[in-house]
1. So how much slack lies between residue 12 and residue 47, counting 0.36 nm per residue of separation and subtracting their Cα-Cα distance, in nm?
2. By how many nm would the segment from residue 69 to residue 19 lengthen if fully extended, with 0.36 nm per residue of separation less the alpha-carbon distance?
């Protein structure tokens, strides 16, 4: 699903996913329902306002977990399990 793409930040992931899918900036912007300039700003690392993440993940054919964190859904779930265990251990101390 993510075809080996592991850029460090959201803007880099957006650009890598878009180009690997053969999509232009205007195609993604139109599919998500935003201005082309807004999407371009996101790829350049400017803050994403609102909650377009699900639409972006759908258009770019990737998971929401990967889009936001750069990690697979399974890796995010594993980190969440570790956090729960750590919190439990903390309360026992």
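1. Full extension of this stretch gives 11.3 nm more.
2. Computed gain between residue 69 and residue 19 is 16.1 nm.
Here, each number is a calculation from the coordinates, and none is a lab measurement. Everything quoted here is computed from the prediction, not taken from an experiment.
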